[in-house]
Structure formats: structure tokens, C-alpha cells
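In what follows, a structure is listed as C-alpha cells, so that the remarks can point back to it.
All of the numbers you see were taken from the coordinates with simple rules; none came from a lab. Note that this is a predicted model, so its numbers are computed, not measured. FYI the Cβ positions are ideal-geometry reconstructions off the backbone, even for glycines, and counts take in every protein chain you see.
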Amino acid sequence: MILPSLFIFLVATTLVQSVDETLEEKTKGADVADAVIRRIVRTGIFPDDQNLFRRIAFTETRFGEDPKTYRDGYLGGIWQVDEAYFNRTKNVTFPENIYDEIQTRWGINWRTSVTWNDLLKPFYSGLAARLFIQQLVNENKPIPGTVAAQAQYWVSNYRPTQTVEVFIREVRALESDFVCEGMMDICIVLDGSNSIGVADFEKAKGFVADLVKTFSMDTSRVAFITYADIAYEIFDFQHSLTNEQMDAVIKNASYPNANTNTPAGLLMGVDFYNAIGTRGGVPQVITTFTDGLYNRGNLPEALMAVRARGLVSFSVGIGSDIDYPELLQIALLDPKRVFMVNDYDALAEFFYHMNSATCEVPQQPALGTNQTGRLNPEERRYFQYSFPAINIGLSINIRSTGQGVLTGWFSYSEPTPNSAVNDGVIQPGSISIPPPPPRARQEGEEAVVYLTLENGPGENLGEYVILAEEGSQVTDEPTTAPTTTTPPTTAPPTTTPPTTAPPTTTPPTTAPPTTTPPTTAPPTTTEPTTTTAGSSYSSPISVPIIMTLAIIFFAFQ
């Protein structure tokens, strides 16, 4: 039974406290490791690692939670990069511009300034591990796709004192539970061309069936398309299939066995979305699985339709004949939404990774509309609020009945804020989020605030309602201290806010945060950040915040 909750609306104030634990020594936890992984993956500097990067962090140290992680005399950090392996990261030959990219994006002179001691900071440990893995790839040791093959790869190249059984056991523990049922519409577009073969097409359908099972049909809608010369509708969003019926229909889909008309599959997906419209900011996703280059249809035209419809597009390449530039086009030039697996055996184990990636797509509610939802224990949901002016803040109210433990984080630049990287914590009660700092604002630009909501561990479900409404405008210029009748607000400093990219002067993006490192600094490691974790800033703004975001939480057994 849902318990009634009294709606309390309070406008309070809070200090923006920018936190980045990936750059603090000896921090630990899944949020820390995931923040590092996202920061590196989003740049597109490295090819897709088929989730090996994350699996190693868990297998080696349980994301740093293992007491031996930061033992005396060992400096390899969360990824346990041995000193000999670290030294090899100074000579990675491909991609040719890898060190220039690291310097440009994060202000780190990896070859000359970074020492093994720096790996006590998780970001450096993660970057060292990824560089070492890339060096292995350059030595003709490609990353395998299946868990069993990755286990042998880990033992042979990373931890020869261990066994494959240890890796397999740890990965099964890591990926055994799904904590995201999702709130989205997702259209799956599956290549059925003659290059695949009957056996692999059957494996691909099994993957689709497993992926669909990870989503809740109470909160998500699913459509399925196959294609070859033309596209084939297996079921659209308006079906009334039960979970069991949907599983059977997926597995009984015929093998088209012809050419590769990827554009036809994408255009049919757009038609499916046009038929149902949108539903209150819920993400609409199209995910394409292909094993090679398209040879029929007009891909640029199809992608124009995908973009115009506002769809979030993922691409998954399977096998050795895939073309990364084409996959990147299908993902609308977003490298973090491009995945590659070695073969259809690896694809069969890929649904956990795909579930996680799609569940991180934020909902984007319109102003003045209610957004409701339910969270399972330890489940998270992501939101993006865009505002028509850059000098707008938010007031947030959280109400919990006490059964579900509901909390969260916000950020101006990190699309998936968590406990390790955020600009502030959202706790039950009321806070106000000030506008983004002036230096990050440009004329005519929308302001963006990202929110993550989480239900705590246990057995209780949490239900929420979010409402964002527009109010009065706030001044953008410093003023005198507020009077006793006007509650003060706070805002971050005029420096560029933390992003997922370390030091550059580039305005906030989805890459890690920073400013360009001082040229007069002594020859030590450059920190890819411009703020001290946990530091707080107060704003001179003295006019009431204009945007009201009310969040009411309900919890029920």
C-alpha cells in the first residue's frame, strides 16, 4: 500500500560542495571506480574494452574495498597496476597521439610527470591500467569478449599468480544482480544479413531476449526489428504481449539472410516512435546491432531522421568486419554509445553491460509537468533539467515516508553524478541549487543541472514525484550581502565547474573537470581538476531563485 505523504514545500539554501574523489589518494568504492571509467570512456581515446576494464577493478580489489588495496609498499591503486606494468605505459605507440590527447583533455604529461606513487589516486590508477591494456592490444593481444576468455587473458597478461576461476567467480558476483529496471522506450534493431549465418543469428536473438528481460514492462516499452534487404517488424511499441509471449516471439523471428540495409531498420524504428509520441521526458532509445558495413539504403538520411526525432542512439558492432566510423555515425558521434564485441558468443554475455548503459540515459522532464516513478532497492535514476536562461537556480524538496531510504546528488556538468563526483548532495529536506557559475555561461545558452536519485539497500521500494516550475529571474551580477528578509543563496565559484574531464579551459563537457595547469608550476604531476574535493562556495546573489523544483518521495513496501 502506498502511504500518503504530506506535501511540504520549503525553499532553503545550501552550499555547493564540489566533490571529486577520483583525484584523492586512497579513495574506494564502486562510485569512485565507475566515475573513473566513465571519464575515460567518454573521451573516445581508447577503443571499447568489452567491460574488461571494470571487471579487472572489481576482481583485483573489489573497487578498492579490499583491505590489501592500499597496503604498505604497494602503489598500484584500485586497478593494482604493478610498477613494471606502469613503466610500460610510458611507451604506448598506438593510437599515435595518445599522450597528446591525455595532455589536452586532462593536462597530464604522462610520460614525464606521472610516477607510480600517483596511482594511489583512482583516476591515475585507472588511466594507467587502460594504457597498459592498450599496450597489450598493440602487442597483438586483443581483448577477448567472453568472461572465460577474459579470465585467461587476465591470468596470462595481468595477474599470472592467479587462476581463471578467481576472475570468473568475481565477475559473476559483480554482474549477478540487475539493479536497473529502467524507465525508457527502447527499440532494438538487429542485423539479419547473410554474413551472420543461422547459428549466430540464433545467438543474437537469445541476447535480445535476455536484454529485454532486464527491463520492467511496468516502466519500459520495447520494440524489436530485424533487417536485411528490408526491415521486418517483429513487434512495435503498441503490442500487448506478456513477458513470456515476447520472449517466444523474439526467439521465433525468422532469419532474413540477405543484404545489409541498416538504414531501413533505423527508419522503421523512427516510424515506431512517431506512432507513439513521447511520454513526459522518458528517454527514447534505438539500439542497432550489426556485424558489418551497410550496403543498401541511405545511412546519412536515416540518421538525420533519428536525430530529428530526438532519439538516443546506441550501436553495437559484432565480429572482425565492423567499421568503427560507421558505428560512431549510428551513435550520432557519441563514443560512449559505441560498443564492440568480438563475436556472437561474446554478445550472449553482453546484456548486463547494455542494460547499464541504457539505464544511464537521463530523463528530461519538461517544465511544469509531474515526473513520477518507482525505484527498487539500490536502483538509480538519472534526470536532466534544462532551463531557458542561464541565471536560474533550483529549489528542491525531498520528502520520504521512512520506508525507502531516498537520496541523491546533483551536478552542473557530470551527467551521472554519484557519491564520488558531484556538486552537491540531495538529502531528505530542502535545498536550493544556484545557477551555474558565470564563467560557464554564454549568451543564449540553456542552463543544465543533472540529478541522480537513489533508493538505499534493503527490501523497500521508493516512489517519487518531481515537478519543475518557473519563477522569478535572479541577478547575474554580484551584489551586497543579502538583507535579513531575503534568504541568501549560494553558487559555485567563477572558475569552470568540475566536469568529467580534468584540466582544460574548455567549457564544461561530459569529460572530466579542470582549468589549464599553471605553466609556472613545479615539475610535478598535474592534477586534472580545479577544485578541492569537499570545498564549498557561497554566492553573492540576493534575489530569490526563480525555478522551483519540487520532489516528493513516497515509499511503500
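Along the stretch 369-380 the Karplus relation, 6.51 cos²θ - 1.76 cosθ + 1.60 evaluated at θ = phi - 60°, assigns HN-Hα couplings of 10, 7, 10, 10, x, 10, 10, 6, x, 6, 8, 10 Hz to successive residues, with x for each Gly and Pro.
Beyond 31 Å in Cα-Cα separation lie the following of the pairs K26/K336; K141/K203; K141/K213: K141/K213. Please report, to two decimal places, log10 I(q)/I(0) for the stretch 185-360 at q = 0.08, 0.10, 0.18 Å⁻¹ as given by the Debye formula with identical point scatterers on the Cα atoms and no solvent. Summing over Cα pairs of the stretch 185-360 leads to -0.20, -0.32, -1.18.
Taking the Cβ of E60 as the centre, find all other residues whose Cβ is under 13 Å away and add up their charges (Lys, Arg: +1; Asp, Glu: -1).
Neighbourhood net charge equals +3.
The residues neighbouring I168, those whose beta-carbon lies less than 12 Å from its own, together hold a net charge of -1 under the Lys/Arg +1, Asp/Glu -1 convention. Taken one residue at a time, the phi angles of the stretch 322-339 give Karplus couplings (6.51, -1.76, 1.60, θ = phi - 60°) of 6, 10, 4, x, 5, 4, 5, 4, 4, 7, 6, 6, 9, x, 6, 10, 10, 10 Hz. Gly and Pro are set to x.
The residues R38, R88, when put in order of fewest to most other Cβ atoms within 10 Å, stand as R88, R38.
Calculated FRET efficiency, H239 to Q384, Cβ-Cβ distance, R0 = 35 Å: about 0.75 to the nearest 0.05. Taking amide H atoms as placed 1.01 Å from N in the peptide plane, the amide H of C187 lies under 5 Å from those of A223, V285, I286, T287, each 5 or more residues away in sequence or on another chain. Other residues within the sphere of radius under 15 Å centred on the Cβ of A199, judged by their own Cβ, net out at -3 (K and R +1, D and E -1).
Listed from fewest to most Cβ neighbours within 10 Å, the set K90, K205 follows the order K90, K205.
Sequentially through the stretch 216-229, phi angles give Karplus couplings (6.51, -1.76, 1.60; θ = phi - 60°) of 7, 6, 6, 10, 10, 10, 10, 10, 9, 10, 10, 8, 8, 5 Hz, Gly and Pro residues having no value and appearing as x.
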